[in-house]
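Just below is one structure, and these are the notes that go with it.
Please treat every number below as a calculation from the coordinates, not as lab data. This structure is a prediction, so every number in the text was calculated from the model and none was measured. In this analysis, Cβ positions are derived from the backbone assuming ideal geometry, glycine residues included, and neighbour counts consider all displayed protein chains.
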Amino acid sequence: MVEQRLEEWLEEGYAVSFRTACLILGNHADAEEAVQEAFLRAWRFRDALTSVPSIKPWLYRVVVNSCYSKLRQEIPHRDRRAGDGELAQRMASSSDPAACAERSEVAGVVLAALQRLPVSLRVPVVLRYYADLSEREIALAIGRRPGTVKSRLHEARRRLAGDPAIVMLGNHGALDDPVEA
């Protein structure tokens, strides 16, 4: 039963886990390695799932821990921001070229701002807004108290709202949408 649930999640969860890792690590190749390692770890320690109330936060914890390992061991030795263009392109796909270009610009600005956040703030934001975990699930996934998650999300939103590139994007959007009299 547990193995079947885990196997289903691994099949269904690769794409969201990969996106989560990309957003945390800021690099396609590192994210792919981290997710593969996380899935191997999850499978290896699948017996631990019998004592876990919910499988989703446990598996995200494995993915996040794999990303933390990557950040600690390998990434300091190279440029973390190399190769982000492909991630921005994947996040913005549309048949309308103008809408696609606008979403691509917005995605690029948001991704860059997200990468400027410290990892301790970036991870909760990614898990909340990209992986759609609740604050309680995030707390389980990162091994922190729900109050800590709430304060980190608040601080991250505050910093993102004050990020100069995001502010400029907001001001630019306001100029494009004139208020009718």
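Between residue 157 and residue 68, residue separation times 0.36 nm minus the direct Cα-Cα distance comes to 29.9 nm.
Note on region 19-46 and region 102-146: Cα centroid distance 15 Å, given to the nearest whole angstrom. Here the calculated FRET efficiency for residue 40 and residue 15, from their Cβ-Cβ distance with R0 = 22 Å, stands at 0.80, rounded to the nearest 0.05.
Would you please name the chymotrypsin sites (Phe, Trp or Tyr not before Pro) within region 1-55 that are DSSP coil residues with at most 13 other C-beta atoms within 10 Å of their C-beta? Answer by residue number: 45.
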